[in-house]
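> My questions all concern the structure below.
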Amino acid sequence: MTQVINWVKDNLLASKLDIFLTIFGACFIYFICSMFFTFVFTSDWTLIEVNRKILLVGLFPEEDLWRIWTVFFLFSILLSSTISLVYGFQIKTSIFYVSILLIPFLIFTTTNMIFHVLFLIVLSLLSYISISYIKKTSYKVILSRIIITSWVIFIPFLFFILVLGGGPKVTLWGGFFVNLILAVIAILAGFPLGVIFALGRASSYKTINLVSVLFIETFRGAPLIAWLFFAWFVLPNFLPDLFSLNDINLVIRAMIVLSLFSSAYVAEVVRGGLQSIPKGQKEAATALGLNTYLELIFITLPQAIRIVIPTIVSTFIAIFKDTSLVFILGITDLLRIGRLIPEQQQEFYGKSIEVLLIVAMLFWVVSIILSQISRSIERRLNVSQ
Amino acid sequence: MFYLRNKLVAVVVLLMAIFVFAACTSEEESSSGASSSSSGSTLTTVLERGQLVCGVNDNLTGFGVVNSSGQFEGFDIDYCKAVAAAILGDSSKVEYVPLTASARFEALAANEIDMLIRNTTWTASRDRDLGNDFTVTTFYDGQGMMVKASSGYDSIESMSGATVCVLQGTTTELNLDDRFASNGIPYTPLTFETNDPLQAAYEEGRCDGWTTDKSGLASKRAGFSNPSDHVVLAETLSKEPLGPLTRDNDSEFYDVVQWVVFGMMQAEESGITSSNVASMASNPTDPGMARLLGVGFDGGEPSDFSFGIPVDFMQAVISQVGNYGEVYDRHLVPLGLTREGSLNAQWTDGGLIYAPPFR
Amino acid sequence: MYLHMFLSLFQQLKSEESIGKKLEVLFYDRSFRKLMVQLVFSILMIVFFFYLIARAFSLELGFGHLGSRAGFGISHAFLIEYTSNDSRWQAYFVGIINTIRVSFIGILLATVLGVLMGLARLSKNFLISRISAGYVEFIRNTPLLIQIIFWQLVLLQLPKISDALTFGGFSVWSNRGILLPFINSIENGSLWFLILLIGLIVTLFARSYLSKYREENVNFFSPNLISLVFFLTIALISYFLLGINLYVDVPSLKVNEYGTYIQSGGFLLSPEFSAILFALVLYTGTFITEIVRGSIQSLPKGQTEAAQALGLSSYQRITLIILPQALRSIIPPLTNQYLNLTKNSSLSVAIAYPDVFMVSRTIMNNAGHALPMLFLILITFLGLSLFISIFMNFLNRRVTRIGA
């Protein structure tokens, strides 16, 4: 008991200013929480029940939902395998992630979805636990190569599944699904592009340097919303007529622009990492007889990227949040659908704040998981160094 | 070991290339977008594709909206269905592409859609500058102003100094300014990108008035919790003839769209409805009706106007969609937009709905 | 240097006999390889750019349309008089000014909030540091767009103009904005304020140089006195030249003959401007909080301990020891956040605040010409970014000059 009192005295009541701050803080928390909880418990949430499917996948036809489930299963297997391979099995963090993910699952799962959700949970747990049991390093190395390859072929595979055998038109993609796909593709495509541009920026070849600088600064020069908007009108003209590319869909155009934009930001971050590598590494590599490319791949890049991983993850979080800007192209992403529901459906008239909260919550769940991952990576790096 | 890695990389790249190729080509087959070749006509493209791609609105009640089962419905939507029925014989073979007001013209010019029917106003600059052609006016609209009934405004002059909410990317902004500024009436425009913050602002009294096409005002007013709290001023700020659009230099398709609409107007004038079209087709009462429905009269040959679509296209249109009056009654009468005495009545009733002869 | 390299290369080439050997010499020479690679790359790039330019001709080009009459109204026109009869260039400039207004005030407020919250995060008070942590976690992980819309909805909940709160005629609060009393002059008021602002900045710069000068020459006048005199001179001269006649602008809410409420006088904080400002400040504030926290934590603990050993109070410790040192690692990432804030201000297109992006969107909807407008936007934002970067670089150099 005295321990508690001492702790309170030290942390909350140390000085006059402290006491004042504690009182102010307590009032503030009370104010915000009471507003929030009264709102949550006194408002009518049927609008979410009715619109579950539309919020998550937009106008995606019912009979093709198995495609999305397949993609989701594969993604979760890949993700849980990667996490368990890198971190091993950790109870505390897993409980944390599961509890955070529980919120949207509870809100959005309906009875006919329950089997899919259970299957998903079983699959991810299986892959997570089974991989953590592999202790032998050589097996781990092979497994890591398999996983990296799988991530690399994930994008084309994703498209393949989604459009295989007369899949639904890309115009029907909508809801949270569109946000996730846009973010995943922007990240997976933007990362290698960004590394290439960073290498170009740091290269000693003056022309390559100039072109990279031009490209990076141009893309960072205008806000993303301007790029998206103009890409819509301007991009089709610049794409070649092969594969009827100049007719491509809005969602694909958004993907292209988002990838290019994220690559510019990743390039800046990786450049910072490249600059922080001591010159001795390069000299040692030359002494060992490695040429520039070998040295890059085996020495410089792994170190540079490892240093800037936390910053890259925060860039990815920013890209994920920026996918909500595609409303300007008329793409029905989660936020746009959320805003249209009170307008289009008479029975839910005037309930914009409820919808905004749910939409914000979905974004928040994904972002916080990503930022926790980045924080744990940071901690691991600091410990190991 | 190093060379093994090289081989691995090569295999992975090859696999990726295969997947990308497969994805691209299979996407092409099932992909959306009216990828008509630059020289070919849209009609050929639609026939080859087996589907019509229509640019529409998705949040204007009565004209183009997505209902709770995820289906598009509305006045404009029905005309898409009519054109699909005429060309492909099936009014369900339509892909609807929802577009914002600012996106619509570019979508048409960029071949993303075959035709645009999205409560779009026919203006000189749009006809010329933006590379599209307006077909028949299906709805004679005008820009109006909606105000709260409690405000007591009765004319535009009385709104001196008011704040007006307006949606971006339409002629409404320019018309609004023309009406107010050139008459020396001070006002403040609040230009919004989408309707939801605009509606919230109007309802909370942030702005005194909401201006858009009267049809839009009627549909929004019907959606309010208490429609009688709002009133649409009698004055029309502009002429807003609404109708379908096709691309410039696309005369084959243009003619088809135009004459489908005329056909529906003529059908109403001749008294043909979706319920009696079958009997009228087998037993036309006069040569005009026979020509309209693509059947022979009194044992003669059906008239073929060489549109490039089946001769009896109007039968498919009327039986699957209806005539002009049926479409109007189905979607616009519930909004309170009555036809009597308005410009949208038949010419025989003093309105502007007039079809040139099918001859 | 290049000449020397090529001379030696040439000599080597001459000394070899066969063509094969000559090619080998060339291939193994590093500078030659570099030249070749760059040449090939440049050719590829030139081809690519020509392709882009050729493609660009199918779009409408030219800036001529910007000279014609705008034809649309703008709700917030600050510093420049704007009517729909003015040219589109004028409309664009109004947009730029709106962007600068929201960005400038946003940067100031976000920095203050970020520093306060960063310090709060590291405070020993459990409650305060948890509040700060919660603030960062919740606001940072939600998209900015959602927050802007949320604030707009919240600000609409203020009373309607007919039931506006008038604090004894001192201020008017309604969902059409907050009207505050302001000092204005009958003519040239905004121009005078602009001159005062510029004069203040110039005076501050001059004062810093003067203090540096004073360090080297002990007996010099007080730099504070000199700069004060300087500033007052500028203020008074411009006062008389521009014929300023100051008066206190008291807000008033009147009803005109038709029943419309007219707000006049004073300084209007419209709900759109406030919503964008709140959202931007809160959002960017979280990032600044993290930056401040990170840089303070990277300081050696010995500094804090030494300050406490010297008997400095918390306030003295923070302002005299911690913050000045932390500033060195704060400024580069802070610049990044400022640039982000400026670019994020273009999200005001979602609510009716006419910043430069929204104005160019309107112009584009009326007159086409997408590609020239894109160039304009690029140039505008590049210019703004450059301005902010140069200023922050100057600060950075000043801060890193001090100490080890």
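> List every DSSP H helix in chain A whose Cα atoms extend 20 Å or more along the helix's own long axis and whose mean Kyte-Doolittle hydropathy is at least -1.0.
Numbers: long enough: A:16-42 (39 Å, 1.81); A:65-87 (33 Å, 1.61); A:91-108 (25 Å, 2.08); A:114-132 (27 Å, 2.28); A:137-152 (22 Å, 0.99); A:176-202 (38 Å, 2.19); A:206-221 (22 Å, 0.79); A:250-275 (38 Å, 1.34); A:301-322 (28 Å, 1.25); A:352-384 (48 Å, 1.22).
Within chain A the helices that satisfy the rule are A:16-42, A:65-87, A:91-108, A:114-132, A:137-152, A:176-202, A:206-221, A:250-275, A:301-322, A:352-384.
> Give me the accessible area per residue for the protein assembly as shown, probe 1.4 Å, as a whole number in Å². Walk me through the numbers before you get to the answer.
Values: 54180 Å² over 1148 residues.
For the protein assembly as shown, the per-residue accessible area is 47 Å².
> Students often check this: by mean Cβ neighbours within 10 Å, which of A:156-162, A:122-128 ranks highest, and how do the rest follow?
On the way: A:156-162: 20.1, A:122-128: 16.4.
Peptide ranking by packing, descending: A:156-162, A:122-128.
> Based on alpha-carbon positions alone, could you give the equivalent ellipsoid semi-axes of region C:327-385 from the gyration tensor, as √(5λ), descending, whole Å? Could you put the intermediate results ahead of the total?
Working: eigenvalues 159, 37, 6 Å².
Listed largest to smallest, the semi-axes of region C:327-385 are 28, 14, 6 Å.
> Could you check what % of the DSSP bridge pairs in region B:142-238 are antiparallel, to the nearest 5?
On the way: 9 of 18 bridges.
For region B:142-238, the DSSP antiparallel bridge percentage is about 50.
> Using only protein heavy atoms and a 1.4 Å probe, how much accessible area in total is buried between A and B, to the nearest 100 Å²? Write out the running numbers ahead of the final one.
Values: alone 22890 and 16980 Å², together 36210 Å².
Summing both sides, the interface buries roughly 3700 Å².
> In chain B, which helices (entire DSSP H runs) extend 24 Å or more along their own long axis, judged by Cα positions, while averaging at least 0.0 on the Kyte-Doolittle scale?
Working: long enough: B:2-30 (42 Å, 1.20); B:251-270 (27 Å, 0.14).
Span-like helices here: B:2-30, B:251-270.
> Next up: Which whole-number percentage describes the relative contact order of chain C, with Cα contacts under 8 Å and a sequence gap of 6 or more?
It rounds to 22 percent for chain C.
> Is the C-alpha gyration tensor of region A:257-385 telling us rounded, prolate or oblate? Criteria: a/c under 1.5 is rounded; beyond that, a/b larger than b/c is prolate, otherwise oblate.
Prolate shape, in that a/c is at least 1.5 and a/b is the bigger ratio.
> Any residues in region A:303-332 that have 10 Å² or more less accessible area with all protein chains than in their chain alone, probe 1.4 Å, and which are they?
A:321, A:324, A:325, A:327, A:328, A:330, A:332
> As a test of the definition: with a 1.4 Å probe, what buried accessible area, both sides summed, do you compute for A against C, in Å² to the nearest 100?
Values: alone 22890 and 25250 Å², together 43280 Å².
What A and C bury together is about 4900 Å².
> Ignoring ligands, DNA and RNA, what percent of the accessible area of region C:272-404 is carbon or sulfur (1.4 Å)? Each step should come with its number before you reach the end.
Working: 3490 of 5360 Å².
The nonpolar share, carbon plus sulfur, comes to 65 percent.
> Quick one: pull the percent of accessible area on region B:142-238 belonging to carbon and sulfur, 1.4 Å probe, ligands and nucleic acids left out.
On the way: 1310 of 2810 Å².
Reported share for carbon and sulfur atoms: 46 percent.
> Let me check something: with ligands and nucleic acids excluded, how do A:35, C:117 order by accessible area (1.4 Å probe), largest to smallest? All intermediate terms of the calculation are to be shown ahead of the outcome.
Numbers: A:35 110, C:117 45 Å².
Most to least solvent-accessible, the answer reads A:35, C:117.
> While we're on this one: What are the residues of region A:340-368 that lose 40 Å² or more of accessible area, with a 1.4 Å probe, going from their chain alone to all protein chains?
At a threshold of 40 Å² (probe 1.4 Å), the residues of region A:340-368 that become less exposed are A:343, A:344, A:346, A:349, A:353, A:356, A:364.
> So how much accessible area does residue B:306 have, in Å² to the nearest 10, using a 1.4 Å probe?
100
> Test of understanding: given chain B, find the longest segment containing no chymotrypsin sites (Phe, Trp or Tyr not before Pro) that are in a DSSP loop and have at most 15 other Cβ atoms within 10 Å. Intermediate values should be presented prior to the final figure.
On the way: sites that count: B:305, B:354.
Answer - B:1-304.
> Heavy atoms only, 1.4 Å probe, whole protein assembly: order B:133, B:141, B:154, B:229 by accessible area, highest first.
Working: B:133 45, B:141 20, B:154 115, B:229 80 Å².
Of B:133, B:141, B:154, B:229, the descending order of accessible area is B:154, B:229, B:133, B:141.
> Let me ask something additional. Ranked by accessible surface with a 1.4 Å probe, highest first, in what order do C:34, A:135, A:321 come?
Numbers: C:34 65, A:135 150, A:321 5 Å².
Result of the area sort, largest leading: A:135, C:34, A:321.
> Quick check: Cα centre of region A:334-357 to Cα centre of region B:47-95, how many Å?
That distance is 24 Å.
> Amide H neighbours of residue B:115 under 5 Å, at least 5 residues apart or on other chains, H built in the peptide plane: list them.
Counting only residues 5 or more places away or on other chains, the set is B:53, B:55.
> Nearest 10 degrees, 0 to 90: what angle lies between the long axis of helix C:223-242 and the longest principal axis of chain C (Cα atoms)?
Rounded to the nearest ten degrees, it is 70.
> Restricting to chain B, what percent of DSSP beta bridges are antiparallel, rounded to 5? Mind dumping the intermediate values first?
On the way: 22 of 39 bridges.
Here the share of antiparallel DSSP bridges comes out near 55 percent.
> Further question on the same structure: Against the longest principal axis of chain C, how steep is helix C:370-401, in degrees 0 to 90 to the nearest 10, with axes from Cα atoms?
Here the helix axis deviates by roughly 90 degrees.
> If amide hydrogens are placed 1.01 Å from N in the peptide plane, which non-local residues have theirs closer than 5 Å to the one on residue B:138?
The answer is B:242, B:243.
> In region B:217-318, which GluC sites (Glu not before Pro) are in a loop and have at most 15 other Cβ atoms within 10 Å, using DSSP for the loop call?
Details: sites: B:235, B:252, B:268, B:269; in loops: B:235.
Taking region B:217-318 and a limit of 15 other Cβ atoms within 10 Å, the loop GluC sites (Glu not before Pro) found are B:235.
> What list of ³J(HN,Hα) values in whole Hz, one per residue of region C:330-341 in order, does the Karplus curve 6.51 cos²θ - 1.76 cosθ + 1.60 (θ = phi - 60°) give from phi, with Gly and Pro shown as x?
These are the phi-based 3J(HN,Hα) values: 7, 4, x, x, 5, 4, 4, 5, 4, 4, 4, 4 Hz.
> Related question: If you count, for every residue in C:32-40, the Cβ atoms of partner chains within 10 Å of its Cβ, what is the mean?
Details: counts 0, 0, 4, 1, 0, 4, 6, 1, 1.
Neighbouring Cβ atoms belonging to other protein chains average 2 per residue here.
> Between region C:223-283 and region A:1-44, what is the C-alpha centre distance in whole Å?
Comparing the Cα centres of region C:223-283 and region A:1-44, I get a distance of 38 Å.
> Which whole-angstrom value gives the distance between the alpha carbon centres of region C:132-207 and region B:160-236?
Answer, in whole Å: 26.
> Can you give the angle from 0 to 90° between the axis of helix C:271-297 and the longest principal axis of chain C, with both taken from C-alpha atoms, to the nearest 10?
It is inclined by approximately 50 degrees.
> Can you send over the carbon and sulfur percentage of the accessible area for region B:69-122, probe radius 1.4 Å, protein chains only?
On the way: 570 of 1300 Å².
Answer for region B:69-122: carbon and sulfur cover 44 percent of the accessible area.
> Right, next: Collect residues whose amide H, placed 1.01 Å from N in the peptide plane, falls under 5 Å from the amide H of residue B:238; neighbours closer than 5 in sequence don't count.
Amide H neighbours of residue B:238, under 5 Å, 5+ apart: B:143.
> With a 1.4 Å probe, how much accessible area is buried between chains B and C, both sides summed, in Å² to the nearest hundred?
Values: alone 16980 and 25250 Å², together 39680 Å².
Chain pair B/C: roughly 2500 Å² of buried accessible area.
The values are calculated or read from the model by the stated rules, or taken from the named source; none is laboratory data. Model, not experiment: these values are computed from the prediction. All Cβ positions, even for glycine, are placed from backbone atoms using ideal geometry, and neighbour counts span all protein chains on display. These area figures cover heavy atoms from the full protein model, side chains too; ligands, DNA and RNA do not enter into them. Shrake-Rupley method; radii C 1.70, N 1.55, O 1.52, S 1.80 Å.
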